[in-house]
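The values are calculated or read from the model by the stated rules, or taken from the named source; none is laboratory data. This is a predicted model, so every value here is computed, not measured. Glycine also receives a Cβ, built like all others from the backbone with ideal geometry; neighbour counts cover every protein chain displayed.
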Amino acid sequence: MKLSEIKFSDLDLPEQLMRGVDDCGFEYLTEVQAKSIPKTLEGKDLAVQAQTGSGKTAAFLITIFKHIMEKPKRQTTNVCPRAIVITPTRELAVQVASDARKLGAHLDMRILLAYGGVDYDKQRKDISKGVDLLVGTPGRLIDYLKQRVYHLKDVEIAVIDEADRMFDMGFIADIRFLMRRMSDFDKRQSILYSATLGQRVMELSYEYMNTPELVEVSPDTVVADNVEQVLYHLGSKEKLAYLMGLLETEEWKKALIFVNTKHMANRLKEVLNHNGYPAAVLSGDIAQDKRQKVLQRFKGDDLKILVATDVASRGLHVEGITHVFNYDLPQDTEDYVHRIGRTARAGASGKAITFACEDYVFTLPEIEDFIGHSIPTEPPDNELFKEPKMPPRKPYKPSNKPGGNRPGQRGRGPGSQRSGSNKGRRTGRPSGKR
Ligand code: AMP
């Protein structure tokens, strides 16, 4: 993370807010903060090129808090948040709210969440009692809005976080739905953050914002410069043995291993567990409450290895990740940046080790184009190939569907089947959902 020469104490922030900034240990503004906060504090609309790890969350939270503290609340009927932050994923929403509660610890502010998967009635009830800052994902926000739990006609600040991701995840109609129900664009401040400010993002911002100013960071800061990157060309069948060797020799404390499919994530987790490396999986199909539990364990010292698909790469904020492994090379160029940005957070240093195999190497030129340099490549060290002990294959759980059984699997003894739903079941799909 690039720090600027501007200090938070230069910004003339209210004292209670400054105490929150101090609690977080922030002294100098990051580059993105230095380029955006002075403008957003003046009330300007901004489209900011920034990714996770740049300090963007604190940038908009400080703007929101200062505004709410110093500007009189608009007259409104029923419940209307003074500020809303829309994020593409639940993880990011939870992270933003958690950062907000830290930064705003000394403020009298109601910060609430609206995101899918959990606590439907609780979130609804909380919001109906009033809210200053509402953070949420599009689906749940729209659900409550349609039920008139709250409205947005008098909202003062709207933040769209990770706008490019909103497009990728198909949320853009939802964003338009929400924006159209807000106060007029000249009666609110709108701020948008996106890893890239491409045409689709800019069109959105011109449509719903008040002639936003653009803030861009220099390309060489797209990848945090304190991440040591290295790439190995390996056959897909060699990757597992090489990972084992690296886990033995690298000085890692907490590792995040990225794969491209949930199928691979589960398989890798099993092999790691079987070889004395306790690991858990974070992928898109894991229930929200279980995801939160896994994340909590990873944030603490209970779990040192997390195998994740790209749902986890954005918005995931865990201190102390020393190593990110791209076991599979990402298929989306921007995911490379997001993945490796999970290490070296807030000025710490970290290492990103990438495997390029015959299945996924094709995106390598695009990724290198995007980050503006080639990833330093090293030849694999023959000593490091450590064949893992392979876990026994999970007994097959017969399906009730007609034709769902494999021949020869019927009628196994009761002890041979795992309890639980479809754990370890082979789907027969080479690549599953993320
Ligand atoms: P973000 O880009 O919002 O995901 O923030 C990345 C990390 O940087 C978070 O852990 C923040 O707490 C941290 N951070 C944000 N601003 C600063 C700053 N000015 N100085 C040091 N760390 C910061």
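Please go through the stretch 311-334 and pick out each residue that is of a type outside the set (Val, Ile, Thr) and either away from the ligand (no atom under 16 Å from the Cβ) or farther than 23 Å from Ala97 by Cα (or both). Residues satisfying the conditions are His323, Phe325, Asn326, Tyr327, Asp328, Leu329, Pro330, Gln331, Asp332, Glu334. Each residue in the stretch 289-306 was checked for being in contact (Cβ under 8 Å) with a residue 40 or more places away in the chain and touching a Leu at 6+ places or on another chain (Cβ under 9 Å), and 5 pass.
Counting residues that are buried (at least 19 other Cβ atoms within 10 Å of the Cβ) and of a type in the set (D, E, K, R), which helices (runs of 4 or more DSSP H) fully inside the stretch 222-300 reach at least 2? Outline the logic, then answer.
Values: elements: 239-249, 262-274, 288-299.
Here the list reads 262-274.
What about Glu27, is it within 12 Å of the ligand (Cβ to nearest atom), of a type in the set (D, E, K, R) and out of contact with any Asp or Glu (no Cβ under 7 Å at 6 or more places or on another chain)? Here the answer is yes, as Glu27 does meet what is asked. Would it be correct to say that Glu70 is within 16 Å of the ligand (Cβ to nearest atom), surrounded by fewer than 24 Cβ atoms within 10 Å (Cβ to Cβ) and not hydroxyl-bearing (Ser, Thr, Tyr)? So Glu70 fails the test. Contact map, the stretch 50-61: residues that are touching a residue at least 40 places away in the same chain (Cβ under 8 Å) and assigned by TED's automatic domain parsing to the domain that holds Gln33 paired with residues that are aromatic (Phe, Trp, Tyr) and more than 6 Å from the ligand (Cβ to nearest atom), Cβ distance under 6 Å, separation 6+ or inter-chain. Pairs shown: Ala50/Tyr193; Lys56/Tyr193. Count of the stretch 105-128 residues, restricted to those that are under 26 Å from Phe8 (Cα atoms), in contact (Cβ under 8 Å) with a residue 40 or more places away in the chain and away from the ligand (no atom under 16 Å from the Cβ), is 3. Those residues that are within 13 Å of the ligand (Cβ to nearest atom) and either assigned to a strand (DSSP E or B) or of a type outside the set (S, T, N, Q) (or both), I need them from the stretch 57-67; list them, please. Scanning the stretch 57-67 gives Ala58, Ala59, Phe60, Leu61, Ile62.
Conditions (1) out of contact with any helix residue (DSSP H, G or I) (no Cβ under 8 Å at 6 or more places or on another chain); (2) farther than 13 Å from Lys254 by Cα; (3) touching a residue at least 24 places away in the same chain (Cβ under 8 Å); (4) among the polar types (S, T, N, Q), marked per residue:
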| site | (1), (2), (3), (4) |
| --- | --- |
| Glu270 | yes, yes, yes, no |
| His274 | yes, yes, yes, no |
| Leu282 | no, yes, yes, no |
| Ala287 | yes, yes, yes, no |
| Ala308 | no, yes, yes, no |
| Gly320 | yes, no, yes, no |
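Leu17 satisfies every condition listed in (1) within 22 Å of Glu70 (Cα to Cα); (2) within 12 Å of the ligand (Cβ to nearest atom) except (2). Residues that are within 20 Å of Pro14 (Cβ to Cβ) and assigned to a helix (DSSP H, G or I): does the stretch 45-56 have at least one? No, that holds for no residue. One residue is enough: does the stretch 275-288 have a residue meeting the conditions out of contact with any strand residue (DSSP E or B) (no Cβ under 9 Å at 6 or more places or on another chain) and either among the charged types (D, E, K, R) or at positive phi (or both)? Yes - at least one qualifying residue is present in the stretch 275-288. Put simply, of Lys102, Lys35, Lys73 the only residue that is under 25 Å from Leu197 (Cβ atoms), among the charged types (D, E, K, R) and either without any contact (Cβ under 8 Å) to a residue 12 or more places away in the chain or not in a loop (DSSP other than H, G, I, E, B) (or both) is Lys35.
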